[in-house]
Amino acid sequence: MVATAPQTGPGAIKGALIRAFLVWYQGRHGRERMAELIQRVPMPHRAALSLERDGLGVLVNGWYPAPMVHAVLDTMEQLHGSAEMPALLREGCEHATAALLRGVYMLLFRMVGTPQMYSRNIQRAWLKLHSSGERELKLLGPDTAESFIRNWPDHHRWTCLVAHETLRFAFRTMGYKQAEVEVHECVSRGHAHCRATLSFRKG
Ligand SMILES: [Zn+2]
């Protein structure tokens, strides 16, 4: 495993994010469910996962192929059903992101601690955890922003939802207790890129 994202082949996702999510999943749904999940993930994608190892075998500083993450999320969908996935990912993102922000990624949060900083640094922050994809957050007013994800060859409907949930959670963490994301365009629905609006209020 290397500390920087691989430059060739399929895109990659940082181990820290995958690990935080899977550790939450096991805590929430139990070791047996986790064992079933790992067993059902098709090879070669499950090779990196182990119930016996710390953090399910996922290395914080490793980069893992995006198709592995897609396989894990698709398997989660088979186990839980599509209808449950948005709520599951929302809860998982909140816990995983909070865990990351308590750890080494606290520095990252300082980069994105206000809407203006988030808007300025979203691409840099994104590339700490993903090897591809262009992120843009345009502030449209004091309580509205428009989010874009472009040129993301590793787009997948569930990781796209994770990106939007993470955005929402980041704003909640900044103190905007009411933060909602509405997705208007998504590559999964045949659009050229993913566009969402974010509304955020403190009250
Ligand atoms: Zn999308």
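The values are calculated or read from the model by the stated rules, or taken from the named source; none is laboratory data. Note that the structure is a prediction, hence the values are computed from the model and not measured. Methodologically, a virtual Cβ is constructed for each residue, glycine included, from the backbone with ideal geometry; neighbour enumeration extends over all protein chains shown.
Quick one: count up the residues across segment 124-136 that are touching a Ser or Thr at 6+ places or on another chain (Cβ under 9 Å) and without any contact (Cβ under 8 Å) to a residue 40 or more places away in the chain.
2
Could you tell me whether segment 188-203 includes any residue that is modelled with pLDDT under 95, of a type in the set (Gly, Ala, Ser) and more than 16 Å from the ligand (Cβ to nearest atom)?
yes
Condition first: surrounded by 15 or more Cβ atoms within 10 Å (Cβ to Cβ) and within 14 Å of the chain's Cα centre (by Cα). Now tell me which residues in segment 78-97 satisfy that.
Answer for segment 78-97, where residues must be surrounded by 15 or more Cβ atoms within 10 Å (Cβ to Cβ) and within 14 Å of the chain's Cα centre (by Cα): MET85, LEU88, LEU89, ARG90, GLY92, CYS93, GLU94, HIS95, ALA96, THR97.
Please give the strands (runs of 3 or more DSSP E) falling wholly within segment 117-203 in which 2 or more residues are in contact with a Cys (Cβ under 9 Å, 6 or more places away or on another chain).
144-150, 178-185, 194-201
Return the only residue of SER131, SER119 being within 24 Å of SER50 (Cβ to Cβ), small (Gly, Ala, Ser) and outside the structural domain of GLY27 (by TED's automatic domain parsing).
Result of the check over SER131, SER119: SER131.
Against the conditions (1) buried (at least 18 other Cβ atoms within 10 Å of the Cβ); (2) within 16 Å of the ligand (Cβ to nearest atom); (3) part of a helix (DSSP H, G or I), where does THR75 fall short? Just the number, please.
The single condition THR75 does not satisfy is (2).
Any idea which of (1) surrounded by 15 or more Cβ atoms within 10 Å (Cβ to Cβ); (2) without any contact (Cβ under 8 Å) to a residue 24 or more places away in the chain; (3) more than 16 Å from the ligand (Cβ to nearest atom); (4) more than 15 Å from the chain's Cα centre (by Cα) is the one PRO142 doesn't satisfy?
(1)
Is there a residue being within 8 Å of the ligand (Cβ to nearest atom) and at pLDDT 95 or above anywhere in segment 166-182?
No, segment 166-182 has no match at all.
List every residue pair whose Cβ atoms lie under 7 Å apart, where the two residues are 6 or more positions apart in sequence or sit on different chains, the first residue falls within segment 158-181 and is among the hydrophobic types (A, V, I, L, M, F, W, C), and the second residue, located anywhere, is part of a loop (DSSP other than H, G, I, E, B) and within 12 Å of the ligand (Cβ to nearest atom).
Within 7 Å, the pairs are CYS160/CYS186.
If you check ARG33 against the conditions, is it assigned to a helix (DSSP H, G or I), closer than 15 Å to HIS95 by Cβ, assigned by TED's automatic domain parsing to the domain that holds MET85 and at pLDDT 95 or above?
No: the conditions fail for ARG33.
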